[in-house]
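We did not get these values from a lab; they are worked out from the coordinates using the rules stated. The shown structure was predicted, so the numbers you read here are calculated from the model rather than taken from an experiment. Virtual Cβ from ideal backbone geometry, glycine too; neighbours counted across all protein chains shown.
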Amino acid sequence: MSTVVEVMEKTTGAMSSAELAGEQHSRATVGDFTVADARMACREVEVWYGPKKAINGVSLDIGKNEVLSMIGPSGCGKSTFLRCLNRMNDTIDGCRVTGSILLDGQDIYDKSLDPVPLRARVGMVFQKPNPFPKSIYENVAYGPKIHGLTNNRAELDALVESSLRKAGLWDEVKDRLDQAGTGLSGGQQQRLCIARTIAVSPEVILMDEPCSALDPIATAIVEELIDELRSQYSIAIVTHSMQQAARVSQRTAYFHLGDLIEIGETNDIFTSPKHRLTEDYITGRFG
């Protein structure tokens, strides 16, 4: 059987625009989109920006203690879908989401559900590190303070330290917690943002291309961190790096033009994809 790298490095003739436009594929997703221990269960999710439909009836589970990678060409809808999972699309005028997204059996789009505590349960790490213009300590302490997660300074100190340790940053910053978070390196800032997310005790962590602005060394550190965090959290990551998806995830979902084309075990997706569009993307024919 070919290795992941061999399949991804395979070079064949590029598909023309006409071939892509004429490519016929069923909206039925190839592969089993369900898992036995789903933390989040999405069914027939559609997203509209005004009259434009961006996501076409996507059904997908995110399992407990797994990393799910979402891959696909730019503009295929993977980041839009990711933002549905903690209602970040609510902030976009004219955006409408239909279908069902359950977190531990609860509909996150129920009108009675406050999106603010939801975003503590389903945290987001963005493409570009975005620490608050506050000290390293206050970056991590901010969420627990506003959500009332600690009763006194000693508890808050312990939570800040614990979060920074989980993010692999404590030993690097423990002697300068009062210094600005924006003064850290890019990789450290991203780990600070992960610590900030962890501090409010999420169940799910969403990551939208978390390493795209980082150098290879910082990327390797964050990828190792993602693997460690999987034991405590469910993680969904959007990435343009197929090598990264192969390294960090247990399952991979391939998106194309708003459709979820194929979902499966990561090794299977990269070594023996079942749908032509998935194979064409993996082998570099388009995308």
| field | Separation of the ALA158 and SER241 label points, Cα + 7 Å toward Cβ, nm | value | 3.6 nm
| Between THR34 and ARG165, 0.36 nm times their residue separation minus their Cα-Cα distance comes to what? | 43.9 nm
| note | Each label sits 7 Å from Cα toward the beta-carbon; between GLU224 and THR91 the label points are separated, in nm, by 3.2 nm
| query | Counting Lys and Arg as +1 and Asp and Glu as -1, each charge on the Cβ, what is the dipole of the chain about the Cα centre in debye, to the nearest 20? | reply | 600 debye
| note | With x for Gly and Pro, the residue-by-residue ³J(HN,Hα) of the stretch 205-217, computed from phi through the Karplus equation 6.51 cos²θ - 1.76 cosθ + 1.60 at θ = phi - 60° and given in whole Hz, is 10, 9, 10, 9, 6, x, 10, 5, 9, 10, 7, x, 5
| task | Could you tell me the distance between the Cα centroids of the stretch 197-274 and the stretch 41-68, to the nearest Å? | result | 16 Å
| query | Tally Lys/Arg at +1 and Asp/Glu at -1 over every other residue whose Cβ is under 12 Å from the Cβ of THR239; what's the total? | reply | -1
| remark: Each label sits 7 Å from Cα toward the beta-carbon; between ASP110 and ARG276 the label points are separated, in nm, by 4.5 nm
| field | lysines whose Cα lies under 16 Å from that of LYS145, excluding same-chain neighbours fewer than 8 positions away | value | LYS134
| Can you list residues whose amide H is under 5 Å from VAL238's amide H, if they're 5+ apart or on another chain and H is modeled 1.01 Å from N? | MET70, MET207, ASP208, GLU209
| request: Order the peptides 188-195, 273-280, 173-180 from the highest to the lowest mean number of other Cβ atoms within 10 Å of their residues. | output: 188-195, 273-280, 173-180
| task | Return the subset of LYS78/LYS128; LYS64/LYS111; LYS128/LYS174; LYS52/LYS78; LYS128/LYS166 for which the Cα-Cα distance in this structure is over 22 Å, preserving the input order. | result | LYS64/LYS111; LYS128/LYS174
| When the chain is modelled as a GNM with alpha-carbon springs shorter than 10 Å, which of ASP227, ASP171, ASP259 fluctuates the most? | ASP171
| field | Helix-only CD estimate at 222 nm, as mean residue ellipticity for the chain, using -39500 (n - 2.57) per DSSP H run (n ≥ 4) | value | -10000 deg cm²/dmol
